[in-house]
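See below for the structure under consideration.
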Amino acid sequence: MIIKAVKFRKNGFYSQPFVFGGEEGPMNFDPQIRYRGSLQNYLIDTGSEVILVDTGLPAGTPEETPDENSPLFTGKDICSYMEAFAALGYEPERVTKILLTHKHGDHSGELRSFPNAKIYVNAEEARADELKGLENIVPVTFTDGAYYNFPQSQKIADGVYYIKAKGHTNGNSIVIAENDGLFYMLHGDITYVDEALYENKLSVVFEDLPAARETLDRIRDFVRNHPTVYCGTHTPQGYENLEANRVIDLDYPVKTVLAEVDFKAKEASGKYVCSVCGYVYDPSEHGGVTFEDLPDDWKCPRCKQQKEKFNRA
């Protein structure tokens, strides 16, 4: 089995209130502390088939321009998701399965680019707007029982398991691939940065807070009892852990390297991008109403996050 990262954005950041403030409130954390951010998804080559875990942002999603008040920034383009996928030496037709961690557009953006793949998704999200029009959806009801301390799972292939992990969204899932005695935990947004895993903190983005707490508790328990390589989507720690085969030790955190942030203004396009799910607000599609003129209580139509989670494009 070979596991690779599909890297398509770098040099982003996530503020401490955003990644730690889910339960105690963002006001209890320091907005000047910004952890490193990136965007990558994962590929599993079992030798007999190619399986993807999520499929990046849609082609053409504009880069964001953060400012000093932005709680998060997904980063600058390295290339498109499909270009990053191709750089690993694979063709889209070879992908047989896609395991979707959750519906948000930075995880589901290029599902339509893999014509031969079955798309496995928690049945609770099978009708999400992001998945409309797709005919190759396989709703998963997790009929294979428990996987260690996780109550519900589905075996996808030898050594590859799809596990129910509700909280961030109601249909959130994780993937664990077993290889050479290690457990590779490939996840979407259980935590945005590894510091949150070590510090046992939830982010401010969730659809079910008690379920998110239960999921993080189970993950921390699993990590303590199994040699786990923790591979996230939104931090370079994800692919750094993978490339080093680094086993997470909750008692000995990897030293934090904070983000280096350069707030450079650019010519405004009028568009704004949700840094949580990738939704693009374009005034031309909303009767010319500028983002600034939207009411303060307006929320992202996709992920229901507040205006503060948007950055200028």
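The values are calculated or read from the model by the stated rules, or taken from the named source; none is laboratory data. What you see is a predicted model, and the numbers here were worked out from it, not measured in a lab. Reconstructed Cβ throughout: ideal geometry from the backbone, glycine too, with neighbour counts over all protein chains shown.
Looking at (1) surrounded by fewer than 23 Cβ atoms within 10 Å (Cβ to Cβ); (2) touching a Phe, Trp or Tyr at 6+ places or on another chain (Cβ under 6 Å), which one does residue 56 not meet, given that it meets all the others?
(1)
Where the second residue is at pLDDT 95 or above and in a helix (DSSP H, G or I) and the first is among the small types (Gly, Ala, Ser) and surrounded by fewer than 24 Cβ atoms within 10 Å (Cβ to Cβ) and lies in the stretch 214-236, which pairs have Cβ atoms under 9 Å and are six or more apart or on separate chains?
none
When you check residue 136 against the structure, is it polar (S, T, N, Q), touching a strand residue (DSSP E or B) at 6+ places or on another chain (Cβ under 7 Å) and over 18 Å from residue 4 (Cβ atoms), yes or no?
Numbers: polar (S, T, N, Q): yes; touching a strand residue (DSSP E or B) at 6+ places or on another chain (Cβ under 7 Å): yes; over 18 Å from residue 4 (Cβ atoms): yes.
Yes, satisfied.
Take the conditions of a type in the set (D, E, K, R), in contact (Cβ under 8 Å) with a residue 24 or more places away in the chain and out of contact with any Pro (no Cβ under 9 Å at 6 or more places or on another chain) and apply them to residue 23. Does it pass?
Numbers: of a type in the set (D, E, K, R): yes; in contact (Cβ under 8 Å) with a residue 24 or more places away in the chain: yes; out of contact with any Pro (no Cβ under 9 Å at 6 or more places or on another chain): yes.
Judged against the criteria, residue 23 is a match.
Can you tell me how many residues within the stretch 168-188 are surrounded by 24 or more Cβ atoms within 10 Å (Cβ to Cβ) and in a loop (DSSP other than H, G, I, E, B)?
The qualifying residues number 5.
Quick one: which residue in 313, 268 is closer than 19 Å to residue 62 by Cα, in contact with a Pro (Cβ under 9 Å, 6 or more places away or on another chain) and among the aliphatic types (A, V, I, L, M)? Please lay out each step first, then the result.
Values: 268 fails: in contact with a Pro (Cβ under 9 Å, 6 or more places away or on another chain).
Residue meeting the stated conditions: 313.
Step by step: first the residues of the stretch 214-270, then only those that are polar (S, T, N, Q) and assigned to a loop (DSSP other than H, G, I, E, B), then the one that is modelled with the lowest pLDDT. Which residue is that?
269
Taking the stretch 1-55, which residues are within 27 Å of residue 180 (Cβ to Cβ), outside any strand (DSSP E or B) and either of a type outside the set (S, T, N, Q) or in the same structural domain as residue 305 (by TED's automatic domain parsing) (or both)?
1, 47, 49, 54
Across the stretch 78-94, what is the number of residues that are outside any loop (DSSP other than H, G, I, E, B) and of a type in the set (Gly, Ala, Ser)? Full working, then the answer.
First, pick out the residues of the stretch 78-94 that are outside any loop (DSSP other than H, G, I, E, B): 81-87, 92-94.
Right, trim to of a type in the set (Gly, Ala, Ser) and you get 84, 86-87.
Of the residues in the stretch 78-94, 3 are outside any loop (DSSP other than H, G, I, E, B) and of a type in the set (Gly, Ala, Ser).
For the stretch 143-176, name all the residues that are over 17 Å from the mean Cα position of the chain (by Cα) and in contact (Cβ under 8 Å) with a residue 60 or more places away in the chain.
Residues satisfying the conditions are 148, 149, 150, 156, 157, 158, 159, 160.
For the stretch 23-45, give me each residue that is within 18 Å of residue 187 (Cα to Cα) and surrounded by fewer than 22 Cβ atoms within 10 Å (Cβ to Cβ).
43, 45
Kindly list the number of the only condition in (1) of a type outside the set (Ser, Thr, Tyr); (2) surrounded by 13 or more Cβ atoms within 10 Å (Cβ to Cβ); (3) within 30 Å of residue 223 (Cα to Cα) that fails for residue 257.
(2)
Would a scan of the stretch 191-205 turn up a residue that is surrounded by 18 or more Cβ atoms within 10 Å (Cβ to Cβ), of a type in the set (D, E, K, R), touching a residue at least 12 places away in the same chain (Cβ under 8 Å) and part of a loop (DSSP other than H, G, I, E, B)?
The initial filter retains those residues of the stretch 191-205 that are surrounded by 18 or more Cβ atoms within 10 Å (Cβ to Cβ), namely 191-198, 201-205.
From what's left, of a type in the set (D, E, K, R): 194-195, 201.
Now restrict to residues that are touching a residue at least 12 places away in the same chain (Cβ under 8 Å): 194-195, 201.
So of that shortlist, the ones also part of a loop (DSSP other than H, G, I, E, B) come out as 201.
Within the stretch 191-205, one or more residues are surrounded by 18 or more Cβ atoms within 10 Å (Cβ to Cβ), of a type in the set (D, E, K, R), touching a residue at least 12 places away in the same chain (Cβ under 8 Å) and part of a loop (DSSP other than H, G, I, E, B).
Being buried (at least 17 other Cβ atoms within 10 Å of the Cβ), in contact with a Gly (Cβ under 9 Å, 6 or more places away or on another chain) and modelled with pLDDT of 90 or more is the filter here, so list the residues in the stretch 282-307 that pass it. Please lay out each step first, then the result.
Just the residues of the stretch 282-307 that are buried (at least 17 other Cβ atoms within 10 Å of the Cβ), to begin with: 283, 291, 300, 302-303, 305, 307.
Still in the list and also in contact with a Gly (Cβ under 9 Å, 6 or more places away or on another chain): 283, 291, 302-303.
Selection gives 283, 291, 303.
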